[in-house]
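Just so you know, all these numbers are worked out from the coordinates, no wet-lab data involved. None of the values given here were measured: they were computed from a predicted structure. Please note: Cβ atoms are built from the backbone with ideal geometry, for glycine as well, and neighbour counts cover all protein chains shown.
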Amino acid sequence: MSGSRELILGRVRRALADVPEDETPYEQAVPRDYGERHGERTPAETVDLLAENLADYRAIVHRTNAPGLPSVLAGLLAARGARTVLVPAGLPSHWLTGVEQVADRAESTPYELDRVDSVVTGCAVAIAETGTLVLDGSPDQGRPRITLVPDHHICVVRVPDQVVSSVPQALRRLTPTRPMTWISGPSATSDIELERVEGVHGPRTLEVVLMSEA
Amino acid sequence: MSGTFLGMPAFPEAARKAVADETLRGNLRHATHTIRAKRARAVSELSDWAALREAGKRIKDHTLRHLDRYLIQLEEAVTAAGGTVHWAADAHEANRIVAELVKATGESEVVKVKSMATQEIGLNEALEAEGIRAYETDLAELIVQLGGDRPSHILVPAIHRNRGEIRDIFRSRMGAWGRPAPEDLTDSPAELAEAARRHLREKFLRAKVAVSGANFMVAETGTLVVVESEGNGRMCLTLPETLISVVGIEKIVPTWRDLEVFLQTLPRSSTAERMNPYTSMWTGTTGSGTADVPRAFHLVLLDNGRTDTLADQVGRQALRCIRCSACLNVCPVYERAGGHAYGSVYPGPIGAILSPQLRGTGSEIDASLPYASSLCGACYDVCPVAIDIPEVLVHLRERVVEGGPVTRAGNKVVLKPAKGHAAERAVMRAARWAFSHPGALRAGQRLASRSRRFHPRTLPGPGRAWSASRDLPALPAEPFRDWWQRTHGGKEAR
C-alpha cells in the first residue's frame, strides 16, 4: 500500500517538473469575480423565489406562521393518510399533535424506517436560487436516512432566517465536516430518454412548509 | 455479466455499424436534442456563467499543478476524520484493494453508486471473479447491467435504449437478479422507475457494504461529495456499515469554498437543472456516533494513467473534467455514432481525448479516437471547465502520426510513428519540400492549373476514403501567385 503511495506521488512530481517553484499561490490563482448571488431581492422576495423554485421541481409548498404550524402539519398528514410519523429527537414537541410519533433511534433498522408513512424535519439552510433544502443532521433534522427511506417528507423552513439567495451564501453558513444532504425537489431520474420522472428511491412526495415567526 | 470494451475495432469501423442502426440514431437524436435546449436555458439563468467557468478552470488547473501537495493534505484530513486511505497505481491494484476490503467484512455482495472510476477499472467483473456480486443501483446502470450491455453515455449510460427496450429488459431480466418486474409493466417512464424502486429496495435495506465514486474531494477538510438524482446514492452512502469510495486523484479541490463554483456549474451542465435532487457530503466517519454515516470508510485513490496524462503539458487539461457530459450532448459525431463506438467508458469528445491518454495510443481504437471529431468546437463552448478539446485532439493526432516522447506507467518512452499514417507523413514531407523550394512550387502549380480539366473527381488509392465524403477543391485557371504578379496585387485588374 505505502509502496503505491510513494510511486504515485513520485509520478506526480515528475509529471509536474515544468511547474515553477514560485508559481502563483492559490489565493491569487483563482479569480472570484463571479456573483455572490444573482439579482437584488428583499428578504420577502427571496422567500418567494425559494417557493417558486421548490414548486418548479415538484415540491409542494405551504406557508404558515409559528402558531399555525401544528394545524398545517396535522392537516398534511391527515390528507396523506399517514398513521405513523418519524420524528427526529430535536423536533419541537408541540409541532405534531394527534398522530403516532415514531422516535428516530440509532438502532432502528432500515426495515423499520421502511414501514413508517411520513417524516417531519427542520432544515439547516434553504437556497432560493436553486430551490434547495440543506439538512446537516442537527437535532431537529436527525440522521440522513430518516429523510430518505419513508415515501413522504415534510420539511419545515423558518423564513426568512434560514433562507439564503445563493449557493456561495449557503456554503458559508454550513460546517463542512457535518454529514450533509442537499435536497432539491423529490427524488427524480432522467435516465429514460432524458425525460425527468419524479420518484425513484427517495421520498416521492416532498412537502415544504415555509414558517414565519408571527 | 456486462459487455467489455476489450478488443474494440477502430472508431470508424465501430461507428459505421452504429450509424446504420436507425433505432439507435432515433434514440440518440431525441435525447441529445432534448437536453441541449434545456442546458442552454439553465445556463442562461446565470449572468456570471463565463466568470464561473473561468474560476472552475483555474481551480482545477491550480490543483493539478500542485497535486502532490493536495493529495497529501487530503490523506491527512480523511485519516484524521476516521477514514482509511489506500493508493492504487492501476486498475488491477484498485480492484484487489476493494475485493480484499469487501472480503474482510465477510460479505459477498455490495451495492454500488454510479461511478465512472469503477467502470473504468472494471470493478464489477473483478469482484465477480472473487465471488462477490456487485449490484448497480443507478437506474441507467441497472438497465445496462440487466441487459448485459455496455454504457454509452457518462451521465445516462442507457441513453441508447428507448422506453420500449427498457420495458423488455426489465420484464425478461429482473427476475434473475432479484424481485421480478410486474407482469403488466408498460413502457411509461413512471412505471419503469417504480419497478426499479421496488426491485432495488430489498437490496438497499439488506446491504452491508457499498462502493461509490465521488464528484469532489475537499483537501482542506477531507470531505467527499456525491451529486445524484434518484436517491440510490444516498441509500448506498448512508445505510451500509462499510463504505468504499474509489476516486481518481484528479477529483480534488483545495477548499470548501471551491464547491460554490462547481455546485453551480455541474448540475446545469449535466442534467440542465438548477440543482440536482440530492447531494451527499461526508467527512470520514465524523458523525457516525449520532448521525448514520457508515462506521468504516475507505478511500481508494486511483492513478490508472492519470499521472501519465498529467505529464503531457497540452493533454493534462483533460484532467479538469468534472464528468458533466455536456460535450457529448452537443457533439454531432456522438449524436450519430453513439457512445459504444468510442470503445471506452468515456465516450464522446471528452472520451476521445481522455481514453488515448489514460490508456495510451497502442491499440487500434485508442489510436483512432483523436480522429473521432470534426473539430467543430461545440464541446469546448459548453465545457464548464473550459477544456479546449479540439486543441488536445490535434495534439494527439500529431502524437499518433509523428510519434514522440510520452509517459506510460510513470516511465518516459518514445512512441514510434503509427503505421497507418505513412501516406499522410509522405504528403506532409512533400509539402514541406515544395514550400521551401519556390521554383518547384511555381512549376507544380502551373502544371496543376493547366491540367485541371483532367483532374479526377475523387482521389485514387489511399486517398479514396477521404474523398468519398468530400468534394475535391477546384483549382483556379491561374495560380494565385501568377495572378498577383501579373496584376500587381489586383491594382491593374481594376
* **segment A:117-142 versus segment B:308-377: alpha-carbon centroid distance in Å** => 39
* Along the Cα-to-C-beta direction of A:Arg14, a point sits 7 Å from the Cα; which residues of segment B:87-113 have their amide N less than 14 Å from that point? -> none
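Rounded to the nearest 500, what is chain A's calculated 222 nm mean residue ellipticity when only DSSP H runs of at least 4 contribute -39500 (n - 2.57) each, over all residues? Walk me through the numbers on the way to the answer.
Numbers: 6 runs with 56 residues, N = 214.
Theoretical 222 nm ellipticity from helices: -7500 deg cm²/dmol.
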* To do: Amide H neighbours of B:Glu273 under 5 Å, at least 5 residues apart or on other chains, H built in the peptide plane: list them.
  => B:Arg268
* In nm, to one decimal, how far is the modelled label at A:Thr175 from the one at A:Asp48, with both set 7 Å along Cα→Cβ? -> 3.6
* Structure fact -> The rounded separation in angstrom of the Cα centers of segment B:144-213 and segment B:437-472 is 55
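For segment A:162-214, report the translational diffusion coefficient in µm²/s to the nearest whole number, using Stokes-Einstein at 20 °C, 1.002 mPa s, and a Kirkwood Rh over Cα pairs.
Working: Rh = 14.0 Å.
In µm²/s, the coefficient is 154.
If neighbour count is taken as other Cβ atoms inside 10 Å, put A:Ser71, A:Ser166 in order from fewest to most. Spell out each step's value before the answer.
Working: A:Ser71 11, A:Ser166 20.
The fewest-first ordering by Cβ neighbours comes to A:Ser71, A:Ser166.
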* If you stretched the chain out fully between B:Trp466 and B:Arg96, how much longer would it get, using 0.36 nm times the residue separation minus the C-alpha to C-alpha distance? -> 128.6 nm
* **Computed E for B:Arg206/B:Lys412 - FRET, C-beta separation, R0 51 angstrom, nearest 0.05** => 0.55
* Asked: Per-residue HN-Hα couplings for segment A:182-191, Karplus 6.51 cos²θ - 1.76 cosθ + 1.60 at θ = phi - 60°, whole Hz, x for Gly and Pro?
  -> 9, 10, 10, x, x, 3, 8, 9, 10, 7
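Give me the compactness ratio for the protein assembly as shown, meaning the Cα radius of gyration over 2.2 N^0.38 Å.
Details: Rg = 28.0 Å, N = 708, 2.2 N^0.38 = 26.6 Å.
The reported ratio for this selection is 1.05.
Hey, got a sec? Which GluC sites (Glu not before Pro) in segment B:65-131 land in a DSSP loop and have at most 11 other Cβ atoms within 10 Å?
On the way: sites: B:Glu75, B:Glu76, B:Glu93, B:Glu100, B:Glu107, B:Glu109, B:Glu120, B:Glu125, B:Glu128, B:Glu130; in loops: B:Glu107, B:Glu130.
Passing sites in segment B:65-131 do not exist.
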* Structure fact -> Between B:Glu398 and B:Trp483, the two model label points (7 Å from Cα along the beta-carbon direction) sit apart by a distance in nm of 3.1
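Enumerate by residue number the GluC sites (Glu not before Pro) in segment A:139-214 meeting two conditions: DSSP loop (anything except H, G, I, E, B), and at most 16 other Cβ atoms within 10 Å of the site's Cβ. Please list the in-between numbers first.
Numbers: sites: A:Glu193, A:Glu195, A:Glu198, A:Glu207, A:Glu213; in loops: A:Glu193, A:Glu195, A:Glu213.
Those satisfying the criteria are A:Glu195, A:Glu213.
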* To do: Find the centroid of the Cα atoms in segment A:24-76 and in segment A:163-214, then give the distance between the two in whole Å.
  => 11
* Asked: How large is the helix-only mean residue ellipticity at 222 nm for chain B, computed as the sum of -39500 (n - 2.57) over DSSP H runs with n ≥ 4, divided by its residue count, in deg cm²/dmol to the nearest 500?
  -> -14500 deg cm²/dmol
* Structure fact -> Plugging the Cβ-Cβ distance of B:Lys491 and B:Ala50 into 1/(1 + (r/R0)^6) at R0 = 45 Å yields, to the nearest 0.05, a FRET efficiency of 0.50
* With θ set to phi - 60° and the Karplus curve 6.51 cos²θ - 1.76 cosθ + 1.60, what are the ³J(HN,Hα) couplings of segment B:249-256 in order, to the nearest whole Hz, using x for Gly and Pro? -> 5, 8, 7, 7, 10, x, 10, 3
* **DSSP bridge orientation in the protein assembly as shown - percent antiparallel, rounded to nearest 5** => 35
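Calculate how many DSSP beta bridges within segment B:46-304 are antiparallel, expressed in % of all such bridges and rounded to the nearest 5. Show your work: numbers first, answer last.
Details: 9 of 33 bridges.
For segment B:46-304, the DSSP antiparallel bridge percentage is about 25.
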* For labels at B:Glu13 and B:Thr186 in the simple 7 Å Cα→Cβ model, what's the distance in nm? -> 4.5
* **Residues in segment A:150-168 that a label on A:Glu213 would reach, taking backbone N under 11 Å of a point 7 Å out along Cα→Cβ** => A:159-161
* Structure fact -> Per residue of A:33-39, other chain Cβ atoms within 10 Å number on average 5
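Order by neighbour count: B:Leu259, B:Leu52, fewest other Cβ atoms within 10 Å first, most last.
On the way: B:Leu259 25, B:Leu52 21.
Arranged by neighbour count, lowest to highest, B:Leu259, B:Leu52 become B:Leu52, B:Leu259.
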* Mind checking segment B:431-477 for trypsin sites (Lys or Arg not before Pro) that DSSP puts in a loop (not H, G, I, E or B) and that have at most 13 other Cβ atoms within 10 Å? => B:Arg457, B:Arg470
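Which FRET efficiency, nearest 0.05, do B:Glu241 and B:Arg179 yield, Cβ-Cβ r, R0 41 Å? Mind dumping the intermediate values first?
Working: r = 23 Å, r/R0 = 0.56.
Working from the Cβ atoms, E equals 0.95.
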* Considering amide H positions built from the backbone, and no H for Pro or chain starts, which residues 5 or more places from A:Glu207, or on another chain, come under 5 Å of its amide H? -> A:Ile60, A:His153, A:Ile154, A:Cys155
* To do: Tally the DSSP beta bridges in chain A and give the antiparallel ones as a percent, rounded to 5.
  => 25
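Under 12 Å between alpha carbons: how many lysine pairs meet that in the protein assembly as shown, if sequence neighbours fewer than 8 apart on the same chain are excluded?
Going through the protein assembly as shown pair by pair, I get 4.
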* In range of the label at B:Arg69: residues from segment A:1-38 whose backbone nitrogen is under 12 Å from the point 7 Å along Cα→Cβ -> A:20-29
